[in-house]
1. Filter region 145-204 for residues that are hydroxyl-bearing (Ser, Thr, Tyr) and touching a residue at least 60 places away in the same chain (Cβ under 8 Å); which is farthest from Gly255 (Cα to Cα)?
2. From the list Gly132, Gly199, which one is in contact with a Phe, Trp or Tyr (Cβ under 9 Å, 6 or more places away or on another chain) and more than 25 Å from Thr232 (Cα to Cα)?
3. Return the residues of region 317-338 that are of a type in the set (Gly, Ala, Ser) and loosely packed, with under 13 Cβ neighbours inside 10 Å; say none if nothing qualifies.
4. Name the one entry in Ala40, Ala34, Ala62 that is within 16 Å of Ala251 (Cα to Cα), at pLDDT below 95 and among the hydrophobic types (A, V, I, L, M, F, W, C).
5. Return the residues of region 70-88 that are farther than 11 Å from Phe136 by Cβ and buried (at least 22 other Cβ atoms within 10 Å of the Cβ); say none if nothing qualifies.
6. Going by the conditions given, is Gln341 exposed (fewer than 15 other Cβ atoms within 10 Å of the Cβ) and in contact with a helix residue (DSSP H, G or I) (Cβ under 7 Å, 6 or more places away or on another chain)?
7. Which members of region 291-327 meet the condition of being without any contact (Cβ under 8 Å) to a residue 60 or more places away in the chain, in a helix (DSSP H, G or I) and under 22 Å from Val270 (Cα atoms)?
8. Would you point out the residue of region 291-316, among those that are surrounded by fewer than 24 Cβ atoms within 10 Å (Cβ to Cβ) and among the hydroxyl-bearing types (Ser, Thr, Tyr), that is farthest from Asn236 (Cα to Cα)?
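The values are calculated or read from the model by the stated rules, or taken from the named source; none is laboratory data. Note that the structure is predicted; figures quoted are calculated from it, not measured. Counting neighbours? That spans all protein chains shown, and the Cβs are built from the backbone with ideal geometry, glycine included.
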Amino acid sequence: MSFDCMTSRRSFLKSSVAGGAAAAAVLRLPAAWASDATSAPAKAGTTSRVALAAGDDRANIAFQSLEPFKKEIAAAIGNKRVVIKPNCVITTIPLSASHADNLEGILEFLQSIGKKNVVIAESPAGGSAMDGFTNFGYTKFVAKYGVKLVDLDKDEFEVVPCVDQKDFQPHPCRMAKTMMGPDNFIISAAKLKTHDLVGITLSLKNVVVGAALKDAPDKPMSGKRITHGGGTYGINYNLFVLSAKLHPDLAVIDGYEGMEGTGPVRGTPVDQKVCVASMDWLAADRVGAELMGVDFSKIGYLTYCAQAGDRGQGDLSKIEIVGPPIKDHAKTYQLPKQWDQITSWQKPVATA
């Protein structure tokens, strides 16, 4: 990707990024990124459907959460390859990772609608993907469902612009092609987790940061580090901008055992026994925040996406819940200690 389309620093950031409209105007993306009609599952004025399932069988509630969208999912996949993106983060900490039972429920569902061209793909923040697949029990799916396990750090890549808030200029960032190709159908197998930089991490962040390849001495372009934007403003802005191209086609958020406190790695478990699914990833993340007892308006990147109006439905009153009421299963998660810093994106950025 060429950076000729980038604006100068003077026009790059004229004021605060604290707001979706302001953030949308900051970086001029290539035409293909600026408007992706196929990427918007729901306009701001329309109603989206989110399924909520609860029970004592983790795989079963994942399957149940997908059942209401059986026809839509089958039609949307068509002949595309299905890419399941788990959330592994650190390959030695099971609580931080997508549970194998949740993936099994998704795979059973895909089998029930005749979809067999499936890969499980990941680029963990710490450790190798293959070690994570082994440690978390994903390798059994190769023989059982015929899936292919893919280490995204060995994938071909595309270069996209990300910002670092130290200079608010575009920097080249390597993103795995598998997560961006139009011939792939992306399922985000995320978890209900708090996050020490953005507050909560659900279906969108799992895809965007997972697509960013690891930094390496022999690679001239940054990956995961620069995606995190150097701080609160940068990471929220990057997640918002990249969501136009990098997002789930289907969100499945496992809340059977969530994580609170110092997420996304060092938090403590929350026994909740729920699973959320939707073809509108923003609506799914909105419901996820509600299940965690988190004020959605405090989560920068999701607020930007909701304000943009073309990412999905962020208005809870316009989201139809298929299944039990949210209030019957919502809990109040302990927030990260850095909450004041996490929510500082709401304050204006000082500019020269």
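1. If we take residues in region 145-204 being hydroxyl-bearing (Ser, Thr, Tyr) and touching a residue at least 60 places away in the same chain (Cβ under 8 Å), then Thr178 is farthest from Gly255 (Cα to Cα).
2. Values: Gly199 fails: more than 25 Å from Thr232 (Cα to Cα).
When all the criteria are applied, what remains is Gly132.
3. Matches in region 317-338: Ser317 only.
4. After applying the criteria, what remains is Ala40.
5. From region 70-88, those farther than 11 Å from Phe136 by Cβ are 70-85; that's our starting set.
Across region 70-88, the qualifying residues are Ile73, Val82, Val83, Ile84, Lys85.
6. Criteria met by Gln341.
7. Those that are without any contact (Cβ under 8 Å) to a residue 60 or more places away in the chain, in a helix (DSSP H, G or I) and under 22 Å from Val270 (Cα atoms): Phe296, Lys327.
8. Ser297
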